[in-house]
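Enquirer: Just passing along the structure, written as structure tokens.
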Amino acid sequence: MTTHDVVDSSERTTAADGATPVHKKKSKKFSPWGVVAWLVGIGFFFPVFWMVLTSFKAESDAATNPPKLFFVPTLDQYSAVFNQGIGPAMLNSVFATAMSTVLVLLLGVPAAFALSLRPVRKTSDALFFFMSTKMLPVVAAILPLYVIVSNLGLLDNIWALVVLYTSMNLPIAVWMMRSFFLEVPGELLEAASLDGASLWRSVREVILPLVSPGIAATALICVIFAWNEFFLAVNLTAVNAQTMPVYLVGFIAGEGQYWAVLSAAATMAALPVILCGWFAQNKLVRGLSFGAIK
């Protein structure tokens, strides 16, 4: 008799006795919290879905009350958006967001490393200084910022937004990256130094690969904040450095709201950030949960 026959006979005996087999899978219990989570998720997603749906309507269909659920789709609104010069505004937003995010990472990652694995004197004071820069309302700082930018000849210049977006996101990036660096055991640097690796090589080959999900999460947060920023852009730019949030305001007319073309423009404005989040979703989830499980 083989081992397989012994197992089969034991399973038949167990079934004949009325006992439950050991390998039987447990039935999944219904969880009302799962239904609640789905309803909340649908509630958050529905405005985005309605915006995209409205962008394919004609203006007459978008203005009906109650709204039409069945209509003939059209791309006229997207044609109107491109005819009104979305290209320069999109390029300005991409440039300001990408450059400011790169500068934030170049400045914030070393600072966070110095405040975590290689702490400096008065670390708490340095952290408080970083966060104190976020306590001043931007509306209270716009007048001196306008005067400084005007004296430097950078009004309606995209580089002014790059510098301001970098300073705006740098404190958040330092705090986020510091929390990620704190989850890395300090013994890794000690082991690398004992093997003869320099500090730069240890950081490049040991530390940065471990915190790469955190870097991706921090970069995406900076991209979202820089892409959606409106107040500085509307006060410091006019035509040449106009960004997407300022561009969208041009579709709000005094004689009424053109919901279909505004939805198309808003869909185009949201698409780059959605694609960034979709491509980085794996590292984003790992980064946001980094250090949650010991």
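The values are calculated or read from the model by the stated rules, or taken from the named source; none is laboratory data. What you see is a predicted model; the values in this text were computed from it and never measured. Cβ atoms come from the backbone with ideal geometry, glycine included; neighbour counts cover every protein chain shown.
Enquirer: Condition first: of a type in the set (Ser, Thr, Tyr) and outside any helix (DSSP H, G or I). Now tell me which residues in segment 44-87 satisfy that.
Expert: Thr64, Thr74
Enquirer: Further question on the same structure: Tell me which residues, restricted to segment 82-96, are modelled with pLDDT under 90 and surrounded by 17 or more Cβ atoms within 10 Å (Cβ to Cβ).
Expert: Ile86
Here is a yes/no grid of residues against (1) loosely packed, with under 13 Cβ neighbours inside 10 Å; (2) within 28 Å of Pro209 (Cα to Cα); (3) at pLDDT below 90; (4) in contact with a Phe, Trp or Tyr (Cβ under 8 Å, 6 or more places away or on another chain):
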position: Thr64; (1), (2), (3), (4): yes, no, yes, no
position: Pro67; (1), (2), (3), (4): no, no, yes, no
position: Val72; (1), (2), (3), (4): yes, no, yes, no
position: Ala98; (1), (2), (3), (4): no, yes, no, no
position: Val102; (1), (2), (3), (4): no, yes, no, no
position: Gly108; (1), (2), (3), (4): no, yes, no, no
position: Val120; (1), (2), (3), (4): yes, yes, yes, no
position: Ala126; (1), (2), (3), (4): no, yes, yes, no
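Enquirer: If you don't mind, another one. Out of the residues in segment 239-262 that are among the β-branched types (Val, Ile, Thr) and surrounded by 19 or more Cβ atoms within 10 Å (Cβ to Cβ), which is nearest to Ile86 (Cα to Cα)?
Expert: Thr243
Enquirer: Next up: Looking at segment 131-145, is at least one residue of a type in the set (S, T, N, Q), out of contact with any strand residue (DSSP E or B) (no Cβ under 6 Å at 6 or more places or on another chain), under 30 Å from Val249 (Cβ atoms) and loosely packed, with under 14 Cβ neighbours inside 10 Å?
Expert: Checked against the condition, which is being of a type in the set (S, T, N, Q), out of contact with any strand residue (DSSP E or B) (no Cβ under 6 Å at 6 or more places or on another chain), under 30 Å from Val249 (Cβ atoms) and loosely packed, with under 14 Cβ neighbours inside 10 Å, segment 131-145 yields at least one hit.
Enquirer: A further question follows. Hey, among the residues in segment 198-238 that are surrounded by fewer than 19 Cβ atoms within 10 Å (Cβ to Cβ), within 24 Å of the chain's Cα centre (by Cα) and polar (S, T, N, Q), which one's nearest to Val249 (Cα to Cα)?
Expert: Step by step, filter segment 198-238, then rank; the result is Asn228.
Enquirer: Scan segment 139-162 for residues that are farther than 19 Å from Leu103 by Cβ and assigned to a helix (DSSP H, G or I) and jot them down.
Expert: Val139, Ala140, Ala141, Ile142, Leu143, Pro144, Tyr146, Val147, Ser150, Asn151
Enquirer: While we're on this one: Can you tell which of Gly85, Gly108 is at positive phi, out of contact with any Pro (no Cβ under 7 Å at 6 or more places or on another chain) and not charged (D, E, K, R)?
Expert: From the options Gly85, Gly108, the qualifying one is Gly85.
Enquirer: Going by the structure shown, is Gly34 under 30 Å from Ala160 (Cα atoms), modelled with pLDDT under 90 and either of a type in the set (A, V, I, L, M, F, W, C) or surrounded by fewer than 14 Cβ atoms within 10 Å (Cβ to Cβ) (or both)? It would help to see each step written out before you state the result.
Expert: Numbers: under 30 Å from Ala160 (Cα atoms): no; modelled with pLDDT under 90: yes; either of a type in the set (A, V, I, L, M, F, W, C) or surrounded by fewer than 14 Cβ atoms within 10 Å (Cβ to Cβ) (or both): yes.
Against the criterion (under 30 Å from Ala160 (Cα atoms), modelled with pLDDT under 90 and either of a type in the set (A, V, I, L, M, F, W, C) or surrounded by fewer than 14 Cβ atoms within 10 Å (Cβ to Cβ) (or both)), Gly34 does not qualify.
Enquirer: Given the structure, is Val162 within 27 Å of the chain's Cα centre (by Cα) and modelled with pLDDT of 95 or more?
Expert: Spelling it out, Val162 is indeed within 27 Å of the chain's Cα centre (by Cα) and modelled with pLDDT of 95 or more.
Enquirer: Looking at this structure, is Ala160 aliphatic (A, V, I, L, M) and within 17 Å of Thr218 (Cα to Cα)? Give the derivation first.
Expert: Details: aliphatic (A, V, I, L, M): yes; within 17 Å of Thr218 (Cα to Cα): no.
When the stated conditions are applied, Ala160 does not pass them.
Enquirer: Looking only at segment 203-247, which residues are assigned to a helix (DSSP H, G or I) and aromatic (Phe, Trp, Tyr)?
Expert: Phe225, Trp227, Phe231, Tyr247, listed by residue number.
Enquirer: So Ser116 clears everything in (1) out of contact with any Leu (no Cβ under 9 Å at 6 or more places or on another chain); (2) in a loop (DSSP other than H, G, I, E, B) except one condition, right? Which one?
Expert: Ser116 satisfies all of (1) out of contact with any Leu (no Cβ under 9 Å at 6 or more places or on another chain); (2) in a loop (DSSP other than H, G, I, E, B) except (1).
Enquirer: Keeping to segment 177-197, report how many residues are modelled with pLDDT under 80, in a helix (DSSP H, G or I) and either hydrophobic (A, V, I, L, M, F, W, C) or under 23 Å from the mean Cα position of the chain (by Cα) (or both).
Expert: Qualifying residue count for the region: 4.
Enquirer: Also, I was wondering about something else. Please enumerate the residues belonging to segment 89-148 that are touching a residue at least 60 places away in the same chain (Cβ under 8 Å), under 27 Å from Phe180 (Cβ atoms) and aromatic (Phe, Trp, Tyr).
Expert: Scanning segment 89-148 gives a single hit, Phe113.
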